[in-house]
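Colleague: I have a structure here, written as structure tokens, and I will follow up with some questions on it.
Laboratory data are not the source of any read-out in this text; all were calculated from the coordinates shown. In this text, all values refer to a predicted model and were calculated from it rather than measured experimentally. Here the Cβ positions follow ideal geometry from the backbone for every residue, glycine too, while neighbour counts run over all protein chains shown.
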Amino acid sequence: MDEIENEAGPEVEHQGEPAGALLAMLAGLYEDSVQAIAALGGLAEFTSVLDHAFTYVPMDALVPGVLKTADIPDIAAALAPRRLLFAEAIDGRNVRLEQPALSRSWGRVLEAYGRAGPRQLSLSASAPSTADWLIAALAK
């Protein structure tokens, strides 16, 4: 077994790779010309890394000092009213969140997008066809 890939912990786990989803959301935050953001497999909240003694998220996916300013749901709420697909979210142990847990942790995002209008936010435990979603999001 490759000890570099597998951290010591109660179970052998593989690390999540949530950096791509975070980068997509940050691009939407800083680039006004971005019309739709698809973020799959992202960390639902940075604070979930602190919930357990072991984490299975690589250090390069964590932004030092970010919790002094905002968490991932705050970034997502700031993206409203642009179209956002956030699916297959994980927690700090690389466990995929079910829809009720995801909706609870993203309450402020649901409020922000509730004011933005219907169908601007796609929040789901499983990913739809990303290409179909982007085509529909950009066709409006």
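Colleague: State whether the chain is rounded, prolate or oblate according to the following rule on the C-alpha gyration tensor (a ≥ b ≥ c being the square roots of its eigenvalues): a/c under 1.5 gives rounded; otherwise a/b larger than b/c gives prolate, and the remaining case gives oblate.
Modeller: prolate
Colleague: Now for a different question. Please give the net charge around Ala112, taking every other residue with its beta carbon less than 12 angstrom from that of Ala112, where Lys and Arg add +1 and Asp and Glu add -1.
Modeller: Neighbour charge sum, excluding Ala112 itself: +1.
Colleague: Separation between the Leu50 and Glu98 pseudo-spin-labels, each 7 Å from Cα along Cα→Cβ, expressed in nm?
Modeller: Distance between the two pseudo-spin positions: 2.6 nm.
Colleague: In a shell of Cβ-Cβ distance under 11 Å around Leu102, excluding Leu102 itself, what net charge do Lys and Arg (+1) and Asp and Glu (-1) give?
Modeller: -2
Colleague: Using modelled backbone amide H atoms (1.01 Å from N, in-plane), which distant-in-sequence or interchain residues come within less than 5 Å of Val57's amide H?
Modeller: Close amide H contacts, sequence-distant or interchain: Gly16.
Colleague: Applying the Karplus parametrisation 6.51 cos²θ - 1.76 cosθ + 1.60 with θ = phi - 60° to the phi angles of the stretch 94-102, what ³J(HN,Hα) value in whole Hz is obtained for each residue in order, glycine and proline being reported as x?
Modeller: My calculation for the stretch 94-102 gives 6, 9, 5, 7, 7, 3, x, 5, 5 Hz in order.
Colleague: Let me ask another. Taking the Cβ of Val34 as the center, what net charge do the other residues with Cβ under 13 Å away carry, scoring Lys and Arg +1 and Asp and Glu -1?
Modeller: 0
Colleague: Between Ser122 and residues 5 or more places away or on another chain, which pairs have amide H atoms under 5 Å apart, with H built 1.01 Å from N, and which residues are they?
Modeller: Leu84, Leu85, Phe86
Colleague: With a ≥ b ≥ c the root eigenvalues of the C-alpha gyration tensor of the stretch 44-120, is it rounded (a/c under 1.5), prolate (a/b larger than b/c) or oblate?
Modeller: Note, shape of the stretch 44-120 comes out prolate.
Colleague: While we're looking at this one, here's another question. Mind ranking 130-139, 96-105, 80-89 by how tightly packed they are, going by the mean number of other C-beta atoms within 10 angstrom, highest first?
Modeller: With the highest mean Cβ count within 10 Å placed first, the list reads 80-89, 96-105, 130-139.
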